[in-house]
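Shown next, in structure tokens, is the structure this report addresses.
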Amino acid sequence: MPLKQPESMDECVYFTQRSLEGGKGSVKVWVFKQACPKCKKSIMGKPRDKKGKALIRAKEYACPGCGYSIDKKSYEESLTANSQYKCPSCGSSGEAQIPFKRKNIEGIPTLRFQCGKCSAGIDVTKKLKEKKGKAIGEEAADEGI
Ligand SMILES: [Zn+2]
Ligand SMILES: [Zn+2]
């Protein structure tokens, strides 16, 4: 069954699209936001300041309905990372799901999916921040919105 695709970035805590090994493969990864584990009504998001602006660098997620909050890491690790890929090793396309939990691979926090055909690792590394304060575009998506 094909994975559910996000209709907008607003539905995701994480979204990225990468080309792998010089274009031999590619991968798209998305992670849906989840409803509050406490009230199960509202979608968890970044807390907002008094003017209603989301605090994207906040270290926690909060429920806009009941106010329940959970630290960023625990919340993210409870989510599922979805991917659609073209394997750079064997060229086959497929989909995979893993827990949204990065592993340290060669010193870089990495989401490692596995090709369903040849079992090669399909790695999505965390992009390191080049500039502080850059909050638009893929960089921001990688940080989680
Ligand atoms: Zn709630
Ligand atoms: Zn493969």
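Observations on the model:
- Condition check for GLY94 on (1) within 14 Å of the chain's Cα centre (by Cα); (2) part of a strand (DSSP E or B); (3) of a type in the set (Gly, Ala, Ser): one failure, at (1).
- Checking LYS73 against (1) closer than 23 Å to PRO47 by Cβ; (2) in contact with an Asp or Glu (Cβ under 9 Å, 6 or more places away or on another chain); (3) more than 16 Å from ligand 1 (Cβ to nearest atom), the condition it does not meet: (2)
- Enumeration of residues in segment 111-127 that are modelled with pLDDT of 95 or more, out of contact with any Gly (no Cβ under 9 Å at 6 or more places or on another chain) and assigned to a strand (DSSP E or B): LEU111, GLY121, ASP123, VAL124
- Exactly one residue among SER78, SER89, SER93, SER19 is in contact (Cβ under 8 Å) with a residue 60 or more places away in the chain and either touching a helix residue (DSSP H, G or I) at 6+ places or on another chain (Cβ under 9 Å) or surrounded by 12 or more Cβ atoms within 10 Å (Cβ to Cβ) (or both), and that residue is SER89.
- Sole residue being touching a residue at least 24 places away in the same chain (Cβ under 8 Å) and either exposed (fewer than 13 other Cβ atoms within 10 Å of the Cβ) or not hydroxyl-bearing (Ser, Thr, Tyr) (or both), chosen from LYS40, LYS24: LYS24
- Restricting the search to strands (runs of 3 or more DSSP E) fully inside segment 23-84 and requiring at least 2 residues that are within 16 Å of ligand 2 (Cβ to nearest atom) gives 25-32.
- Of all residues in segment 53-64, those satisfying the criterion of being within 23 Å of GLU7 (Cα to Cα) and either buried (at least 16 other Cβ atoms within 10 Å of the Cβ) or free of Cβ contacts under 8 Å to residues at least 60 places away in the same chain (or both) are LYS53, LEU55, TYR61, ALA62, CYS63, PRO64.
- Selection status of SER19, more than 30 Å from GLY121 (Cα to Cα) and of a type in the set (S, T, N, Q): no
The values are calculated or read from the model by the stated rules, or taken from the named source; none is laboratory data. Because the structure is predicted, anything quoted here is derived from the model rather than measured. When we count neighbours, we look across all protein chains shown, and the Cβ atoms used for this are built from the backbone with ideal geometry, even at glycine.
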